[in-house]
Each structure stands twice: as C-alpha cells, then as structure tokens.
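Peer 1: Before anything else, here's the structure in question.
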Amino acid sequence: MGGGGILRGHSLEQDTYALLNQVVTPVDFLNFRPSITAAAVLYTCRMYHGQLPLWPSVLALMTGYSETSTPELFAAITATQ
C-alpha cells in the first residue's frame, strides 16, 4: 500500500483517517476482518509517528490481537506499508 506515501506528517489521528480511507476499498483488504484492518492502520500510523511501543499492551488487551501471535494482523500490517 505504501503507507509512507499516504501519510502526510499530520497528527496521528489525521494520518490514521487518511490511511484508513486508502485501505478500505482495495481488494487486498477484503480478505481481512474490519477490526484487523483498523488495527493494522493504527499500527502503521504509530510506526510512522515513532510512537513506541508500536503495539502497546493496552491495545493488545482492547483488541485481543497480539502483533507477534496474530498472523492475520501481521499480514494486514505488511499490506498497509
């Protein structure tokens, strides 16, 4: 997807919405659950903004997704970049 080209260096919130708008229509993302797509977009924007940890424990707890043990999330993250 080329997340770096989509993100404009605005706030995390603005970049998250911009990237989400870019990934909700491509066929590549139809294979992912909407919650996985949203989590991947948030992860990619946090990475772009240098917010560490990229996937803090609170997000793992809220979503039920772990960046290391959820293959679907890893695939979606890869697709957003």
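The values are calculated or read from the model by the stated rules, or taken from the named source; none is laboratory data. Keep in mind that what you see is a predicted model, and the values were worked out from it rather than measured. Counting neighbours? That spans all protein chains shown, and the Cβs are built from the backbone with ideal geometry, glycine included. Please note that ligands, DNA and RNA were not included when accessible areas were found on the heavy atoms of the full protein model with its side chains. Shrake-Rupley method; radii C 1.70, N 1.55, O 1.52, S 1.80 Å.
Peer 1: Sort His49, His10 by accessible area with a 1.4 Å probe, largest first.
Peer 2: Values: His49 60, His10 100 Å².
Largest accessible area first, the residues go His10, His49.
Peer 1: A follow-up question, please. For Gln51 and Asn31, what does the FRET efficiency come to when R0 = 25 Å and r is the distance between their Cβ atoms, rounded to the nearest 0.05?
Peer 2: With R0 = 25 Å, the Cβ-Cβ based efficiency is 0.40.
Peer 1: How large is ³J(HN,Hα), in whole Hz, for each residue of region 70-81 in order, when computed from phi with the Karplus curve 6.51 cos²θ - 1.76 cosθ + 1.60 and θ = phi - 60°, using x for Gly and Pro?
Peer 2: 10, x, 5, 5, 4, 5, 5, 4, 4, 5, 7, 8
Peer 1: If you don't mind, another one. Compute the projected area of the convex hull of the Cα atoms of region 42-81, averaged over all viewing directions, and report it in nm² to one decimal place.
Peer 2: Over every viewing direction, the Cα hull of region 42-81 projects on average to 2.6 nm².
Peer 1: Moving on to the next point. In a Gaussian network model over the chain where Cα atoms closer than 10 Å are linked, find which of Leu12, Leu42, Leu52 has the largest mean-square fluctuation.
Peer 2: Residue with maximal mean-square fluctuation among Leu12, Leu42, Leu52: Leu52.
Peer 1: Moving to a separate point now. How many Å³ per residue does the convex hull of the Cα positions in the chain occupy? Intermediate results must be reported in sequence, preceding the final value.
Peer 2: Details: hull volume 6.5 nm³, N = 81.
Measuring per residue, one finds 80 Å³ for the Cα hull of the chain.
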